[in-house]
Amino acid sequence: MHLQKTTLPLLLLCLSCAAWAQTGITLRQAAQGKFHVGVAINTSQIEAADAKEDRIITQQFDSISPENALKWERLHAKPGVYDFALADRYVDYGTKHHLYTVGHTLVWHSQVPDWVFESTPGKPITRAALLERLHDHIFAVVGRYKGRIQAWDVVNEALNDDGSLRDSKWRQILGDDYIVQAFRWAQEADPQAELGYNDYSLENPKKLAGAIAIVKKLQTAGVKISYVGIQGHDHLDWPSNSDETQTIEAFARLGVKVAITELDIDVLPSAWGHSADVSLKHTADAKLNPYPKALPEDVSRQLTQRYADLFRIYAEHRQSVERVTLWGLSDRDSWLNNWPVVGRTSYPLLFDRKGDPKPALLAVEDVLQK
Ligand code: G3I
């Protein structure tokens, strides 16, 4: 369906009528031929516990990411002991429904148990021993799902906001080359998988420069990097359309694909800038939770417009953008209800708290069909 600009507001007004949306085209149909549209799923969604959610995931999306199920602390909480039970169910879900299945993530500074960096409790491990642990983890996990996980976020959030390398324990113990090493082993463990570097705030010029340096370093070393994951934890006022465009084009010039890996758009006030650093915490305050009951119409319109603008940019760059993944199915699921302030009512996604489509969904579908 092609809508005139003038008809869009009228359409949006009638959109609480979910019935209309349900008879319309699905998101994955609208995006067909352009890029994959994905959703990060949580434990109950992996287990298909709710029939309505299960229907939305399989009808609207053609790709999944594990919100938490494949992080180090979930798979490998104790030395030498792997728990693949939930990860297996996640991958089975992707296989059963023929979904482009993403692995997230192999190397991150967060959600890694302390033992990984210690020889005995409290005593730092040697470089050689940590390399061995990283090698074993990558081969155990990537190897197990070889051919069934199509893309891996190999390294996640290795950069500071100023574009320098984050001084994580990985870097402190292994040196700057840990990134190249992780990609090399991931490539060996599954030569067919697409391998990516994933980070937030890449639209900021300094951080973008840091990510470009990582890509070039991998390319110079002759190690495969298939895509850069622009996480896309966005706000109503950030990043600008031109920043988003320039960021995608900067990576395209390097010959790598772009995946928008964790898209959500925060409509709530922020007292901490635009960072998506998971370690941020902020004290609760009623002023920071202005819409506890419902999203006002004017803010809903801004959100809709923002989603439409971003998807227009992604669609214009379909040669480079190979996937756009929403970080959660419905507003009820979003991490933004509890970060960096616990207990807020957040509205960042395409489905509302009841799992009904929001006006933004139809606006996105409309953009994708143009
Ligand atoms: O499952 C436990 C539950 O048993 C326990 O009672 C509860 C009490 O705190 O915690 C639950 O685990 C939480 C988990 O989310 C599931 O809700 C963890 O504490 C919490 O730390 C975890 O947060 C996740 C965060 O990464 C840290 O791993 C978010 O769900 C997840 O959305 C977020 O995702 C990250 C990406 O991986 C990387 N990029 C940024 C993005 C957003 O922070």
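For region 327-335, state whether one or more residues are away from the ligand (no atom under 16 Å from the Cβ), closer than 24 Å to Ile57 by Cα and outside any loop (DSSP other than H, G, I, E, B). Walk me through it before giving the result.
Initially, region 327-335 is screened for residues away from the ligand (no atom under 16 Å from the Cβ), giving none.
No, region 327-335 contains no residue that is away from the ligand (no atom under 16 Å from the Cβ), closer than 24 Å to Ile57 by Cα and outside any loop (DSSP other than H, G, I, E, B).
Residues that are under 26 Å from Gln192 (Cα atoms) and in contact with a Leu (Cβ under 6 Å, 6 or more places away or on another chain): find the strands (runs of 3 or more DSSP E) completely inside region 18-123 holding 1 or more of those.
On the way: elements: 36-41, 63-66, 100-107, 118-120.
Fully inside region 18-123 and qualifying: 36-41, 63-66, 100-107.
Looking at Ala294, Ala308, Ala286 in this structure, which one is at negative phi and open to solvent by less than 10 Å² (accessible area, probe 1.4 Å)? Working first, answer last.
Numbers: Ala294 fails: open to solvent by less than 10 Å² (accessible area, probe 1.4 Å); Ala286 fails: open to solvent by less than 10 Å² (accessible area, probe 1.4 Å).
When all the criteria are applied, what remains is Ala308.
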*Of the residues in region 221-233, how many are out of contact with any helix residue (DSSP H, G or I) (no Cβ under 7 Å at 6 or more places or on another chain) and either in contact (Cβ under 8 Å) with a residue 24 or more places away in the chain or within 16 Å of the ligand (Cβ to nearest atom) (or both)?*
6
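What number of residues within region 234-246 satisfy the criterion of being without any contact (Cβ under 8 Å) to a residue 60 or more places away in the chain and open to solvent by 10 Å² or more (accessible area, probe 1.4 Å)?
Initial filter on region 234-246 (without any contact (Cβ under 8 Å) to a residue 60 or more places away in the chain): 235, 237-240, 242-243, 246.
If we keep only those that are open to solvent by 10 Å² or more (accessible area, probe 1.4 Å) as well, we get 235, 237-238, 240, 242-243, 246.
Here the count works out to 7.
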*Give the residue, chosen from Val215, Val228, Val223, that is among the aliphatic types (A, V, I, L, M), within 19 Å of the chain's Cα centre (by Cα) and surrounded by fewer than 22 Cβ atoms within 10 Å (Cβ to Cβ).*
Val215
*Subset of region 311-320 [assigned to a helix (DSSP H, G or I) and either out of contact with any Ser or Thr (no Cβ under 7 Å at 6 or more places or on another chain) or open to solvent by 40 Å² or more (accessible area, probe 1.4 Å) (or both)]*: Phe311, Arg312, Tyr314, Ala315, Glu316
*Consider Glu249 against the criteria (1) assigned to a helix (DSSP H, G or I); (2) touching a residue at least 40 places away in the same chain (Cβ under 8 Å); (3) surrounded by 15 or more Cβ atoms within 10 Å (Cβ to Cβ): it satisfies all of them except one. Which criterion is unmet?*
(3)
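The values are calculated or read from the model by the stated rules, or taken from the named source; none is laboratory data. Keep in mind the model is a prediction, meaning the values are calculated, not measured. Don't worry about glycine lacking a Cβ; one is built from the backbone with ideal geometry, like all the others, and counts go over all protein chains shown. SASA here: full protein model, heavy atoms, side chains in, ligands and nucleic acids out. Shrake-Rupley method; radii C 1.70, N 1.55, O 1.52, S 1.80 Å.
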